[in-house]
Amino acid sequence: MVNRYRRPVIIDPQFCGPPVSGNGGYTCGLLAGHLGLGSAEVTLRKPPPLGVEMEIRDGGLYSGPDLVASAVPAVVADEPPPWTGQRAEYPGHAHHPFPTCYVCGPGNEHGLHIYPGRIAEGRTAASWRVPGDVTSATVWAALDCPGGWTIQLEEKPSVLGRMAARIDAVPPPGSECVITGALVSAEGRKSHVVTALYGPARELLAVARATWIALG
């Protein structure tokens, strides 16, 4: 795969995950979108820098000589966790390892305000009002953190290491959607999760699988 974009790619600080690096799901979606991949697997190699000019070449996102993320086409057919209609309190309001996260951080006023509550052990659900400037990268981001909160991020701070997503449709701006997450397995510092995005009529719009890596 050989692609080179002359226009630089810059991740604005509002799209952060941890305070000094880009949100993992958003970064993955940004790279997949630039490469024209509707269904892709993206591996994050380094924390995506914020406010820095990067470029996409040879299927990867580069900051100078450093490979930040790489993408390949992928078939994503994981069974999404079913929607049950339950609601639960979001633990990130009380304790959040990255409170300014673009997706789930209560301290990011420009974020997506997706607050996944636990509906069962290893299961989360969250409502989401879709913003007016929604893109495929926004959907990737929305599918990210509901998976992370299945592994109790308030007790086990972790970051996204790899994500594969299939987007069947981008939800319309202003619509009310639901995102669910489920923990599939955990081994050592790695946790494997799946997430799904459902539209206003509870139709499946997108699905993802991801690997999260505990810090420390």
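The values are calculated or read from the model by the stated rules, or taken from the named source; none is laboratory data. All values derive from a computational prediction rather than experimental measurement. With ideal geometry, Cβ positions are generated from the backbone for all residues, glycine too; neighbour counts draw on all protein chains shown.
Data table
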read-out: Single match in 111, 147 (criterion: crowded, with 22+ Cβ neighbours inside 10 Å, modelled with pLDDT of 95 or more and not basic (Lys, Arg)); value: 147
read-out: Candidates 111, 132, 107, filtered to the one that is over 23 Å from residue 41 (Cα atoms), part of a loop (DSSP other than H, G, I, E, B) and touching a His at 6+ places or on another chain (Cβ under 9 Å); value: 107
read-out: Residue count, the stretch 165-193 (criterion: under 22 Å from residue 47 (Cα atoms) and surrounded by 23 or more Cβ atoms within 10 Å (Cβ to Cβ)); value: 3
read-out: Any pair with Cβ under 8 angstrom, 6 or more apart, that starts in the stretch 44-61 at a residue that is more than 20 Å from residue 213 (Cβ to Cβ) and touching a residue at least 12 places away in the same chain (Cβ under 8 Å) and ends at one that is β-branched (Val, Ile, Thr) and outside any loop (DSSP other than H, G, I, E, B); value: 53/9; 54/9; 54/68; 55/9; 56/9; 59/72
read-out: Sole exception among (1) of a type in the set (Val, Ile, Thr); (2) more than 17 Å from residue 98 (Cβ to Cβ); (3) out of contact with any Pro (no Cβ under 8 Å at 6 or more places or on another chain); (4) in contact (Cβ under 8 Å) with a residue 40 or more places away in the chain for residue 213, by number; value: (2)
read-out: Residue count for the stretch 184-216, restricted to those that are at pLDDT below 95 and in contact with a helix residue (DSSP H, G or I) (Cβ under 6 Å, 6 or more places away or on another chain); value: 0
read-out: Which numbered condition residue 159 fails, given (1) in contact (Cβ under 8 Å) with a residue 60 or more places away in the chain; (2) under 18 Å from residue 214 (Cα atoms); (3) part of a loop (DSSP other than H, G, I, E, B); value: (3)
read-out: Tabulated pairs, the stretch 112-124, first touching a residue at least 24 places away in the same chain (Cβ under 8 Å) and of a type in the set (S, T, N, Q), second outside any loop (DSSP other than H, G, I, E, B) and surrounded by fewer than 21 Cβ atoms within 10 Å (Cβ to Cβ), C-beta under 7 angstrom, 6+ apart or interchain; value: 124/117; 124/118
read-out: The stretch 142-165: number of residues that are over 19 Å from residue 197 (Cα atoms) and of a type in the set (Lys, Arg); value: 1
read-out: Answer from 28, 101 - the residue that is in the same structural domain as residue 208 (by TED's automatic domain parsing) and either under 23 Å from residue 167 (Cα atoms) or not in a strand (DSSP E or B) (or both); value: 101
read-out: Scan of the stretch 36-54 for residues that are assigned to a strand (DSSP E or B) and more than 27 Å from residue 169 (Cα to Cα), ordered by number; value: 49, 54
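This table checks each residue for (1) assigned by TED's automatic domain parsing to the domain that holds residue 116; (2) part of a strand (DSSP E or B); (3) among the hydrophobic types (A, V, I, L, M, F, W, C); (4) on the phi < 0 side of the Ramachandran plot.
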{"residue": "163", "(1), (2), (3), (4)": "yes, yes, yes, yes"}
{"residue": "172", "(1), (2), (3), (4)": "yes, no, no, yes"}
{"residue": "179", "(1), (2), (3), (4)": "yes, yes, yes, yes"}
{"residue": "191", "(1), (2), (3), (4)": "yes, yes, no, yes"}
{"residue": "210", "(1), (2), (3), (4)": "yes, yes, yes, yes"}
